[in-house]
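Comments concern the structure below.
The values are calculated or read from the model by the stated rules, or taken from the named source; none is laboratory data. This one's a predicted model, so the numbers in the text were calculated from it and none came from an experiment. So basically every Cβ, Gly included, is an ideal-geometry build from the backbone, and we count neighbours across all protein chains shown. For the accessible areas, the whole protein counts, side chains as well, though only heavy atoms, and no ligand, DNA or RNA atoms are used. Shrake-Rupley method; radii C 1.70, N 1.55, O 1.52, S 1.80 Å.
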Amino acid sequence: MAQIIDGKKISAEIKEELKAKTAELKQKGIEGTLAVIQVGKDPASSVYVRNKKKACEYIGIGSQSYELPEETTQEELLDLIADLNQDKEVNGILVQLPVPAHIDEKKIINAISPQKDVDGFHPESVGSLTIGQQGFVSCTPAGIIELLKRSGVEIDGKNCVIVGRSNIVGKPMALLMLRENATVTITHSHTKNLKEICQNADILIVAVGKKEFITGDYIKQGAVVIDVGIHRDENNKLFGDVKYEEASQKASLITPVPGGVGPMTIAMLMHNCVESMMK
Ligand code: GUN
C-alpha cells in the first residue's frame, strides 16, 4: 500500500516559510503587491482568484483585484496590463485563465512583463527555464518538484514519464525533471504503447485531463505516482487522472485528489511573488 504525499501539509509548510520571509523583507522596507485580473464570472475561476487573494493576505503580500466584465475588449485588457507593468507598487501580475473567446490568450500572456510574470507563462520565462537561466517557473510543475523533494524522492537518474504535454504542466514539468537529471519521456494522445512506457516509469506524472485514465496496470511496482488531474462527478466528488484505489496498491508514494498537487499551485504562486519582491 502506497504512502500518501500530503500536499496540504507540504503547501502549509511552504506558506509558513514564505510568511517568515515576507516579515523579514518588511523589516527591510520591502513589500509586495500581486495584481489579479479576472475577465468574466466563470465560477471555477472566481474560486481560484479568491483563494489566491486569501493566500496573499495570509503570507503578507498585498493584492489588487481587477474583476472585469465579460465584454471587456482585448485592447482594454492590454491597456490595463501595460499600466500594471509600469506600476512600481505592483511586482506580480496574474491574468486568470481562461479569458473569454474574443480575447487572444497568447497576446495577453506576451503582454505581461517577464519581471512580473509570477505565473511563469511568458515565452521569455519558458525560454529561460529551457536553457537554465533565471526566471519564473510555472507554479504547478514547480510545486510537484517540491512535493518530490520534500518527500525524499530521489530524482537524479530516474525514469520519469509525463502523460500530457500542455504548456502549463507537461512541457515545463519535463524541463524541470530534466534539470533534476531525470531521464524524461513526454507522452501524449498520439503516443503508441502508452501503457508499456508508463510501466517503465520510476516517477509517473499524469496531467492528461481524463478522469481515472491511468489504471493500476500502467504502474510499476514501487513507482512514485503524481496525479495532476481534477474532475468532479455529479455528486461533486473529486477524482484525479489516476484510478487511486488501484494505483495505491502498486505505487510506493502517491498524491491523492484532493490534497495532493492542488494545494501546491497557490503555494508556488506565493513563492514566485516573494521572489519577485526580491528582484
Ligand atoms: N487557470 C488555471 N490554472 C491557472 C494558473 O495557474 N494561472 C492562471 N493565470 N490561470 C489559470
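Checked against the criterion of being among the basic types (Lys, Arg) and more than 29 Å from residue 147 (Cβ to Cβ), the stretch 29-52 contains one or more residues that satisfy it. Pairs meeting the criteria (first residue in the stretch 85-103 and without any contact (Cβ under 8 Å) to a residue 40 or more places away in the chain, second residue within 11 Å of the ligand (Cβ to nearest atom), beta carbons under 6 Å, at least 6 apart or on different chains) are lacking. Among the residues making up the stretch 54-71, a single one is in contact with a helix residue (DSSP H, G or I) (Cβ under 9 Å, 6 or more places away or on another chain), in a loop (DSSP other than H, G, I, E, B) and of a type outside the set (A, V, I, L, M, F, W, C): 60.
Here residue 76 fulfils each of the conditions (1) in a helix (DSSP H, G or I); (2) open to solvent by 20 Å² or more (accessible area, probe 1.4 Å); (3) within 12 Å of the ligand (Cβ to nearest atom) apart from (3).
For the stretch 85-114, enumerate the residues that are within 13 Å of residue 32 (Cα to Cα) and not in a strand (DSSP E or B).
Going residue by residue through the stretch 85-114, those that are within 13 Å of residue 32 (Cα to Cα) are 87-93.
Answer for the stretch 85-114, where residues must be within 13 Å of residue 32 (Cα to Cα) and not in a strand (DSSP E or B): 87, 88, 89, 90, 91.
Only residues that are within 18 Å of residue 23 (Cα to Cα) and either within 12 Å of the ligand (Cβ to nearest atom) or among the hydroxyl-bearing types (Ser, Thr, Tyr) (or both) were counted in the stretch 44-63, giving 2.
Could you give every pair whose Cβ atoms fall below 7 Å, whose first residue belongs to the stretch 30-52 and is under 23 Å from residue 104 (Cα atoms), and whose second residue is of a type in the set (Lys, Arg), counting only separations of at least 6 or pairs across chains? That search, which allows pairs on different chains as well, returns 36/52; 36/53.
When each of 161, 169 is tested for being surrounded by 17 or more Cβ atoms within 10 Å (Cβ to Cβ) and within 18 Å of residue 256 (Cα to Cα), the lone residue that passes is 169. Any residue that is away from the ligand (no atom under 16 Å from the Cβ), in contact with a strand residue (DSSP E or B) (Cβ under 7 Å, 6 or more places away or on another chain), under 18 Å from residue 277 (Cα atoms) and open to solvent by 90 Å² or more (accessible area, probe 1.4 Å) - is there at least one of those in the stretch 12-23? Within the stretch 12-23, not a single residue is away from the ligand (no atom under 16 Å from the Cβ), in contact with a strand residue (DSSP E or B) (Cβ under 7 Å, 6 or more places away or on another chain), under 18 Å from residue 277 (Cα atoms) and open to solvent by 90 Å² or more (accessible area, probe 1.4 Å).
Looking across the stretch 116-161, the residues that are in contact (Cβ under 8 Å) with a residue 60 or more places away in the chain, outside any loop (DSSP other than H, G, I, E, B) and farther than 20 Å from residue 222 by Cβ come down to 116, 139, 140, 142, 143, 146.
Considered as a group, the residues in the stretch 129-162 that are over 19 Å from residue 5 (Cα atoms) and among the aliphatic types (A, V, I, L, M) include one that is farthest from the ligand (Cβ to nearest atom), and that residue is 131.
Residues that are assigned to a helix (DSSP H, G or I) and open to solvent by 20 Å² or more (accessible area, probe 1.4 Å) were ranked within the stretch 250-273; the one that is nearest to residue 238 (Cα to Cα) is 262. Please work out which residue is surrounded by the most Cβ atoms within 10 Å (Cβ to Cβ), limiting yourself to the stretch 208-249 and to residues that are in contact (Cβ under 8 Å) with a residue 60 or more places away in the chain and closer than 14 Å to residue 261 by Cα. Of everything passing the filter in the stretch 208-249, 228 is surrounded by the most Cβ atoms within 10 Å (Cβ to Cβ).
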